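One structure is given below, encoded as structure tokens.
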Amino acid sequence: MNTKWTSHLKSKQEKEKFRLYLFSCNDALERLSEVLQEDLEATVRDMSTEEGYDSPAWSERQADRLGKIRTLRKVIDLVNLKGK
């Protein structure tokens, strides 16, 4: 579990209580991860199409997509309680 989840808490007891709470929400977090993963895959597919290459703002659009991919990966990693 990523330590960012409990970094705002002071005592070991508070951290453990919050950790247990998060694990009780694991089904919802797993579903959220699936939804985000679907969005990530759709964004990667969208980047791979030839449509849009003739757009004068193509580079900005690709940069936006790359930022979206980076953010989605970050959140997917955060909600994965079994990692780290």
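The values are calculated or read from the model by the stated rules, or taken from the named source; none is laboratory data. All values reported here derive from a predicted model rather than from experimental measurement. Methodologically, a virtual Cβ is constructed for each residue, glycine included, from the backbone with ideal geometry; neighbour enumeration extends over all protein chains shown.
Please find, within segment 26-84, the residue that is surrounded by the most Cβ atoms within 10 Å (Cβ to Cβ) out of those that are part of a loop (DSSP other than H, G, I, E, B) and within 15 Å of the chain's Cα centre (by Cα).
Top of the filtered list is LEU81.
Suppose we filter SER33, SER48 for residues that are without any contact (Cβ under 8 Å) to a residue 60 or more places away in the chain, more than 30 Å from THR6 (Cβ to Cβ) and of a type in the set (Ser, Thr, Tyr); which single one remains?
SER48
Name the residues in segment 1-25 that are surrounded by fewer than 12 Cβ atoms within 10 Å (Cβ to Cβ) and outside any helix (DSSP H, G or I), would you?
Across segment 1-25, the qualifying residues are SER7, HIS8, LYS10, SER11.
What are the residue pairs meeting all of these: first residue in segment 57-83, first residue farther than 15 Å from LEU32 by Cβ and at pLDDT 95 or above, second residue assigned to a helix (DSSP H, G or I) and polar (S, T, N, Q), Cβ atoms under 8 Å, and 6 or more apart or on different chains?
Sorted first by the residue in segment 57-83, then by its partner, the pairs are LYS68/THR43; ILE69/THR43.
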